[in-house]
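Okay, so here's the structure we're looking at.
The values are calculated or read from the model by the stated rules, or taken from the named source; none is laboratory data. Please read all numbers here as calculations on a predicted model, not as lab measurements. All Cβ positions, glycine included, derive from the backbone under ideal geometry; neighbour counts span all protein chains shown. Surface areas here come from the heavy atoms of the whole protein model, side chains and all, with no ligands, DNA or RNA. Shrake-Rupley method; radii C 1.70, N 1.55, O 1.52, S 1.80 Å.
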Amino acid sequence: MNPDLLTYEIAPQVTAFSTKRHGGYSQGKYAAFNVNLYCGDDTQSICRNRQMLCSFLGVDESCLVMPHQTHQTKVCTVDDSFFSLGKEERTAALEGVDAVTTSLKNVCIGVSTADCIPVLLYDTEHHVAAAVHAGWRGTVARIVEKTVTHMQQRYGSVPQRMKAVIGPGISLECFEVGEELYTVFAEAGFPMDDLARRFPAMRNDEVGEKWHIDLPRCNRLQLLTAGLPASQILSSGICTYQQSDDFFSARRLGIQSGRIFTGIVLR
């Protein structure tokens, strides 16, 4: 059995992907392919799914790097010193991390999402990769821009020579928010005329219109602001809420459900 992956063509020596829900061992709202340890799934099922993924990718299980995300802007660099740590120390190093970078080959770094926006970055000049988790909090805090800056400072990356993938996440049409969250984005300087629309309330027991915010576009604008050319930004165009049969969606399935894993491996 092989995992069902959505793959992205970034470069010949790069494997980039997002997992789908199919082809694994998890049950119920975690069915069937969940590799995230922090969402309440059965540990044995997670381990079997991880083994399957690593075997398919051709990487050692110890080289599957998945942070415990907390909607902050902390970036972790995965290098030789990271792998010199013990297992518990590596886990601690990944606590509260929402973006991971590496220049090591045959190491799979990635982030977990279920409506939030996953972003992959690749420096074509220095062969460096990053995986970023951008929920609404991380988006407001401009984690994507901060990760690009981190890559510039750490690796000498030049944004004009980087590529990016915006993976599956909730769409403008389905990301309904209250007035308070709209205000948070507006006060953070986002161009709301371009990023927000009002639609009829999604719940049948509510009347009137609600604000909707385009999270994928918010992160695309951050990439453009950081200096990446528009032609080098790929978007999956997949709404997790609308396609919850194939991709996990917390708004559809509840918090106690599986997570998409969006990862990247340098070869």
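I'd like to know if region 44-59 contains one or more residues that are farther than 24 Å from Leu121 by Cβ and at pLDDT below 95.
No; the residues of region 44-59 include none that is farther than 24 Å from Leu121 by Cβ and at pLDDT below 95.
Is region 80-102 home to any residue that is crowded, with 21+ Cβ neighbours inside 10 Å, over 22 Å from Ala226 (Cα atoms) and not aromatic (Phe, Trp, Tyr)?
No, there is no match, as no residue in region 80-102 is crowded, with 21+ Cβ neighbours inside 10 Å, over 22 Å from Ala226 (Cα atoms) and not aromatic (Phe, Trp, Tyr).
Select from region 42-72 the residues that are within 21 Å of the chain's Cα centre (by Cα) and under 20 Å from Ser103 (Cα atoms) and list them in ascending order.
Of everything in region 42-72, those that are within 21 Å of the chain's Cα centre (by Cα) and under 20 Å from Ser103 (Cα atoms) turn out to be Cys54, Leu57, Val59, Glu61, Ser62, Cys63, Leu64, Val65, Met66, Pro67.
Residues that are of a type in the set (Val, Ile, Thr) and touching a helix residue (DSSP H, G or I) at 6+ places or on another chain (Cβ under 9 Å): list the strands (runs of 3 or more DSSP E) wholly contained in region 1-82 that include at least 2 such residues.
The qualifying strands (runs of 3 or more DSSP E) are 14-19, 75-78.
Checking Leu104 against (1) in contact with a His (Cβ under 9 Å, 6 or more places away or on another chain); (2) over 23 Å from Pro168 (Cα atoms), only one condition comes out false. Which one?
(1)
Tell me, which residue of region 100-136 that is assigned to a loop (DSSP other than H, G, I, E, B) and of a type in the set (Ser, Thr, Tyr) is nearest to Val14 (Cα to Cα)?
Once the filter is applied, the top-ranked residue is Thr124.
Tally up the residues in region 208-267 that are closer than 12 Å to Phe175 by Cα, open to solvent by less than 20 Å² (accessible area, probe 1.4 Å) and not in a loop (DSSP other than H, G, I, E, B), please.
Of the residues in that region, 4 qualify.
Please work out which residue is farthest from Arg252 (Cα to Cα), limiting yourself to region 174-185 and to residues that are more than 23 Å from the chain's Cα centre (by Cα) and open to solvent by less than 80 Å² (accessible area, probe 1.4 Å).
That would be Thr183.
Condition first: under 22 Å from Ser81 (Cβ atoms), within 13 Å of the chain's Cα centre (by Cα) and not hydrophobic (A, V, I, L, M, F, W, C). Now tell me which residues in region 107-146 satisfy that.
Gly110
Go through region 190-207 and give me each residue that's open to solvent by less than 50 Å² (accessible area, probe 1.4 Å) and either closer than 21 Å to Arg142 by Cα or modelled with pLDDT of 95 or more (or both).
Correct list: Phe190, Met192, Leu195, Ala196.
Any idea which of (1) touching a His at 6+ places or on another chain (Cβ under 8 Å); (2) farther than 23 Å from Ile260 by Cβ; (3) open to solvent by 30 Å² or more (accessible area, probe 1.4 Å) is the one Arg137 doesn't satisfy?
(2)
I'd like the residue in region 29-53 that is open to solvent by 40 Å² or more (accessible area, probe 1.4 Å) and in contact (Cβ under 8 Å) with a residue 40 or more places away in the chain and, out of all such residues, is nearest to Lys163 (Cα to Cα).
Tyr38
Tell me, which helices (runs of 4 or more DSSP H) wholly within region 137-200 include 1 or more residues that are without any contact (Cβ under 8 Å) to a residue 12 or more places away in the chain and closer than 28 Å to Trp211 by Cα?
Hits in region 137-200: 179-187, 192-195.
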